[in-house]
Every structure is written in structure tokens, then in C-alpha cells.
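Here you go, one structure.
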Amino acid sequence: MIPIRYVEPVFRPPSEAESLILPVTDGCSWNECTFCEMYTAPQKKFRVREEDEILESIRLTGQRYGDQVRRVFLADGDALVLPTRRLLNILEAIRQYMPTVRRISSYCLPRNLKKKSQAEINELAAAGLKMVYVGAESGDDQVLASVRKCETFESTCDALEKLGTAGITRSVMILNGLGGKIYTRQHAEQSAKLANLTQPEYLATLVVSFPKGEQRFRADFPEWEPLGQHELFVEMEQFLSALELKRTVFRSDHASNWLILKGTLGAEKERLLDQVRQAIAAPDQAHLRPGWARGL
């Protein structure tokens, strides 16, 4: 047994499938976003784990499996809410007890980086924090306010710039359809503007979905109307058209997406746009994911 205490359910990005999941908090420190169902279970109430427990888990895991671990993901929703000193202690312990680790990563709420100076983020990078996943969701302030994200274009942009300056790899996620019909164009254009200004190393899109129902979401966003399949493709075309990225790995292959898109922007921008435009013009010929396979 791995000597780590997990509180179900446990979440991690798809690219962390081979990583050791190391909880340093339980849940999410904000947990008010109306579109998010990840940390709503009663047992996932936000808590910061005791430092002694975390360091002991690292030590014992290192003793048993230290030469097998190559990647570590700091869970849950936003490990970077922790004070820099505590994060540095955790990173040092990983380096000491798991010397084969080559990448340490975490989720990050942009608002949590407001409290950290550039020097602190540089320290975290030097200590081994290599990659951060930022759920930007949208670059449009009106959409962000409607879904209670507690972020703005500026706050997300500032956080991404701090991380980039420190040399930390940034993986940014945008939610296709989050603005509904009323805000679809500004959602696409402002999200592209955010990516253009910050030039993240990775960019991904998911389709907004509500497996547990839309009641919580609509309470704050009653004017929201979902985009149909065709409208989602049109929004994607607007988003991709507005992107001016130099070298960003782009993925739109989550189970929620009808159309699977993979490429590097901007080298493959035109190829990706051609795929989207074909899906708009002739969806029956676009090799879409069947409805039953969309894991929602």
C-alpha cells in the first residue's frame, strides 16, 4: 500500500496518468464556480493538510517506491494556495526522498498567485515545480462573473505571465460553450486574446457540461442557453481564427468534445481550421465522436 491518505474522489489532469498523486490540500480553496462539479462532495471540503503528514507521506513513499517515481502531481484543486515556505519544504522533501522525480506539477487558481511575488515563484521553479495547470475557462470578464469564477482577464493574465517568467510550463484550459448563445463571440475572442498575450506552452478546450444538472449554474446565469453541436464548432472556428500563437501545443480531445483536434499552434493553425470548417459545413463527413462515447 502507498502510504498516502486519499480522500475520494481524487482528480488529476489526463497527462498526469503516470504520476504519483500527492495531496497537499483536500478540495478547492474557492469551490464556488457554478460550472464545476469536481469538489462538491461533502468529504471534499477544503482543508490544508498538516505539513508533518505530507512530509511523512513523502518520506515513506520514497523509502518504498522512490526509485520508481518519475512524476509527482500535487493535489487537490490548487496546491499553490499554500504558503511559499511550505511548498518549498514539500519540494525539497520530494527531491530528497524521490531523487528520480523529473517533473512536479499542480493545478493553480490565478487568484492564489496574487499573494506571491515573482521572486517566490522563481524560487518554486528552482526547487522543482515544473508545470502548472490553469483553468482559465474564459478570457471574458462578463462570462467569468456569470459563472462565479472570481477571476478576471487581468488576474489570469498576470498569473500566467508570472509563471512564464519563472520558466514554469503552463497548461491553460478554456471551456467551449461556457458563455452560451448570448456571449459566444466575446467568449471566443477574449479567450483567444488571453492566449495571445500569454503564449502558454499548452492550450486545451473542453465542452462545458453538467452531468449533475444545470440548476446550480443557471441560478447565477439564467440567460444562458447551451450551444448546439453546430454552434460549438462555429465558436471554435472563431477562437482558432483569432489565435496568434508562436509555439503552443493545442489539444481539444477531451471526452466532452465532438470534434477531436490536435496540433501545434501556430504551425498547424490552418489545418486545424480546415477540420473545424469541414465539421461546420459537413458534420457527417467530419469523423465526429459519437454521442455515446462522450464521457459526460
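The values are calculated or read from the model by the stated rules, or taken from the named source; none is laboratory data. Note that the coordinates shown come from a computational prediction; the quantities given were computed from them, not determined experimentally. Methodologically, a virtual Cβ is constructed for each residue, glycine included, from the backbone with ideal geometry; neighbour enumeration extends over all protein chains shown.
Where residues in the range 1-31 are of a type in the set (Asp, Glu) and assigned to a loop (DSSP other than H, G, I, E, B), which of them is surrounded by the fewest Cβ atoms within 10 Å (Cβ to Cβ)?
Per the stated criteria, the residue is Glu8.
Something else about it: Mind checking which residues of the range 176-206 are in contact (Cβ under 8 Å) with a residue 60 or more places away in the chain and aliphatic (A, V, I, L, M)?
Scanning the range 176-206 gives Leu178, Leu203.
Of the residues that make up the range 110-129, is at least one of a type in the set (Ser, Thr, Tyr), surrounded by fewer than 22 Cβ atoms within 10 Å (Cβ to Cβ) and over 14 Å from the mean Cα position of the chain (by Cα)?
So far as the range 110-129 goes, yes, one or more of its residues are of a type in the set (Ser, Thr, Tyr), surrounded by fewer than 22 Cβ atoms within 10 Å (Cβ to Cβ) and over 14 Å from the mean Cα position of the chain (by Cα).
A follow-up question, please. From the residues in the range 268-291 that are at pLDDT 95 or above and assigned to a loop (DSSP other than H, G, I, E, B), which one is surrounded by the most Cβ atoms within 10 Å (Cβ to Cβ)?
Glu268
When the residues of the range 32-44 are narrowed to those that are out of contact with any strand residue (DSSP E or B) (no Cβ under 7 Å at 6 or more places or on another chain) and of a type outside the set (A, V, I, L, M, F, W, C), which ends up surrounded by the fewest Cβ atoms within 10 Å (Cβ to Cβ)?
Pro42
Okay, residues lined up against (1) among the aromatic types (Phe, Trp, Tyr); (2) touching a Phe, Trp or Tyr at 6+ places or on another chain (Cβ under 8 Å):
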residue	(1), (2)
Trp30	yes, no
Lys45	no, no
Phe73	yes, no
Gly77	no, yes
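Oh, and also: Condition first: crowded, with 22+ Cβ neighbours inside 10 Å and β-branched (Val, Ile, Thr). Now tell me which residues in the range 87-109 satisfy that.
If the condition is that a residue be crowded, with 22+ Cβ neighbours inside 10 Å and β-branched (Val, Ile, Thr), then Ile90, Ile94, Ile104 are the ones that fit.
Leu144 versus (1) among the hydrophobic types (A, V, I, L, M, F, W, C); (2) under 16 Å from Tyr107 (Cβ atoms); (3) in contact with an Asp or Glu (Cβ under 7 Å, 6 or more places away or on another chain): which is the lone unmet condition?
(2)
A further question follows. I'd like the full set of residues that are small (Gly, Ala, Ser) and in contact with a Ser or Thr (Cβ under 7 Å, 6 or more places away or on another chain), limited to the range 240-284.
Correct list: Ser252, Ser256.
State yes or no: is Gly263 assigned by TED's automatic domain parsing to the domain that holds Lys181, free of Cβ contacts under 8 Å to residues at least 40 places away in the same chain and surrounded by fewer than 15 Cβ atoms within 10 Å (Cβ to Cβ)?
Judged against the criteria, Gly263 is not a match.
Could you check the range 228-242 and list, in sequence order, the residues that are crowded, with 21+ Cβ neighbours inside 10 Å and either at pLDDT below 95 or touching a Lys or Arg at 6+ places or on another chain (Cβ under 7 Å) (or both)?
Selection gives Leu240 alone.
Among the candidates Leu232, Leu194, Leu240, Leu227, single out the residue that is assigned to a helix (DSSP H, G or I) and closer than 21 Å to Cys33 by Cα.
Leu194
Answer yes or no: is there a residue in the range 210-221 that is modelled with pLDDT of 95 or more and in the same structural domain as Lys181 (by TED's automatic domain parsing).
Yes, there is a match, as at least one residue in the range 210-221 is modelled with pLDDT of 95 or more and in the same structural domain as Lys181 (by TED's automatic domain parsing).
Please specify each residue of the range 210-265 satisfying the condition of being aromatic (Phe, Trp, Tyr) and over 23 Å from Ser146 (Cβ atoms).
Of everything in the range 210-265, those that are aromatic (Phe, Trp, Tyr) and over 23 Å from Ser146 (Cβ atoms) turn out to be Phe250, Trp258.
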